[in-house]
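To keep things clear, I will list the structure first and then write my remarks on it.
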Amino acid sequence: MKKIVLLCASGMSTSMLVKKMQEAAAAASYECSIDAFSASEAATKAADADCILLGPQIRFQKNKIAEQVPGVPVDAIDMRMYGRMDGKGTLEFARKLMND
């Protein structure tokens, strides 16, 4: 089972997107765990993730977070996809990032 972690400034704004992604995963019969945390928790909460998605508001921290979790693909969620709370699109983006 794949582990997808979303990070944002406080872990709150991504929680709605997590729910939409979970719904999209269930609809596609794709088994995964999806959780949201604050970027400050990256090293402890996301070190064993299969991929890390960053909220657009913290995309500038991509390199710093990638250094904290070597070997884990890290990328920022597209601002339009994030604004629309596009769970299906964000899940597809995560799967591409994981080569899944």
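The values are calculated or read from the model by the stated rules, or taken from the named source; none is laboratory data. Treat the numbers as computed from the prediction; the structure is a model and nothing was measured. So basically every Cβ, Gly included, is an ideal-geometry build from the backbone, and we count neighbours across all protein chains shown. For accessibility, only protein heavy atoms count, side chains too; no ligands or nucleic acids. Shrake-Rupley method; radii C 1.70, N 1.55, O 1.52, S 1.80 Å.
Could you calculate the contour length gain from D48 to R80, that is, 0.36 nm times the residue separation minus the distance between their Cα atoms, to one decimal place in nm?
8.7 nm
What accessible area per residue, rounded to a whole number of Å², is obtained for the stretch 1-63 using a probe radius of 1.4 Å?
In whole numbers, the stretch 1-63 has 51 Å² accessible per residue.
Where does the charge balance sit around A24 when Lys and Arg score +1, Asp and Glu -1, over other residues with C-beta under 11 Å from its C-beta?
With Lys, Arg at +1 and Asp, Glu at -1, the net is +1.
Please give, to one decimal in nm, the separation of the simple spin-label points placed at Q57 and K96, each 7 Å out from Cα toward the Cβ.
Here the answer is 2.5 nm between the modelled labels.
Using a cut-off of 15 Å between beta-carbons, work out the net charge of the residues near K45 (Lys and Arg +1, Asp and Glu -1, K45 not included).
-3
Which order do you get for R59, R84, R95 if you rank them by accessible area with a 1.4 Å probe, largest at the top?
The ranking, largest first, comes out as R84, R59, R95.
Got a number for carbon plus sulfur as a percent of the chain's accessible area, 1.4 Å probe?
51 percent
Note the count of lysine pairs whose C-alpha atoms are less than 16 angstrom apart in the stretch 18-100, limited to pairs 8 or more residues apart or on different chains.
Close lysine pairs found across the stretch 18-100: 5.
Write out the GluC sites (Glu not before Pro) in the stretch 14-82 meeting two conditions: DSSP loop, and at most 12 other Cβ atoms within 10 Å of their Cβ.
Within the stretch 14-82, the qualifying GluC sites (Glu not before Pro) (loop, at most 12 other Cβ atoms within 10 Å) are E31.
Compute the length gained on full extension between Q68 and S33: take 0.36 nm times their separation in residues and subtract their Cα-Cα distance, giving the result in nm to one decimal.
Roughly 10.5 nm would be gained on extension.
Taking the Cα atoms only, what angle lies between the long axis of helix 15-27 and the longest principal axis of the chain, rounded to 10 degrees?
For 15-27 against the chain, the angle is about 40 degrees.
Can you compute log10 of I(q)/I(0) for the chain with the Debye formula, treating each Cα as one identical point scatterer, at q = 0.13, 0.19, 0.24 Å⁻¹?
Values returned for q = 0.13, 0.19, 0.24 Å⁻¹ are -0.36, -0.81, -1.35.
Magnitude of the Cβ-charge dipole of the chain, K/R +1 and D/E -1, about the Cα centre, nearest 20 debye?
Around 260 debye, computed over the chain.
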